[in-house]
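One structure below.
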């Protein structure tokens, strides 16, 4: 799930400045099945604490594979999806073709959250969903600012953003940037090598606990994690560049200054993503400051 700066996406990929998110999602669609889709719907219901999205205006900012646009539509939402990556747009359109052909309540297009004119023309939505996306734009704080303008009063923005762990995050940024400069055919091998230490730690913990099946299930039952695929998420994690990070308090302050209150927060993810549900309530708007604060 990804978006980029306004510019030449194919050129960025060719120069090793951008991970091929859409190519990865196209591969993911080959393993997508009803089981994964059901889990994606369940995770969306749990996250939003709603059993239905009937009549809800839902915007998927950086739709990626299209899985969560599809999940929202199946839950009854009126969906609009966009992405900067042409292959991601194609993936989303493919899922619409499979499940909701010719449906006027699901609109899909190319666009960038960093394009202020494009954003202004979108209108406002009850739910703005951008999961693991805005930290890959290359201009995260601008992307967050523009995304905040898309939320209707009493509507919510739903975000997953990489956690800032200081020097550890800086190291991963260097790894991700280097990955893009490796020949394409060698990238899966590089992803395995880079991820091996953490995978081996997880295996060792399971063996020490006398439950080796726990490690095996991180692969065989990974679809329980929002319907996703461990391998495709691993490639996204190792290669996902551009890469920016933020502490939870920075995000909460940023949105409070724009009239939002925090409804839900999940942290403690280490290098992974913090998860936010923030609701616009203009009655609590604080004086707006520049930058991340």
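Quick notes on this one:
- A simple spin-label model places the labels of residue 192 and residue 49 4.4 nm from each other, with each point 7 Å out along Cα-to-Cβ.
- Spin-label model, residue 105/residue 263: points 7 Å from Cα along the beta carbon direction are separated by 2.0 nm.
- Its Cα gyration tensor gives region 69-176 an equivalent ellipsoid; the semi-axes, largest first and in whole Å, are 26, 17, 13.
- Gap separating the Cα centres of region 34-97 and region 163-192, nearest whole Å: 28 Å
- Full-extension gain in nm, residue 23 to residue 171, via 0.36 nm per residue minus C-alpha separation: 50.8 nm
- Highest to lowest packing among 171-178, 154-161, scored as the average C-beta count within 10 Å: 154-161, 171-178
The numbers here are math on the coordinates, done by the rules we state, and not lab data. Please read these numbers as outputs of a predicted model, since none were measured by experiment. Using ideal geometry, Cβ is built from the backbone for each residue, glycine included, and neighbour counts are taken over all protein chains shown.
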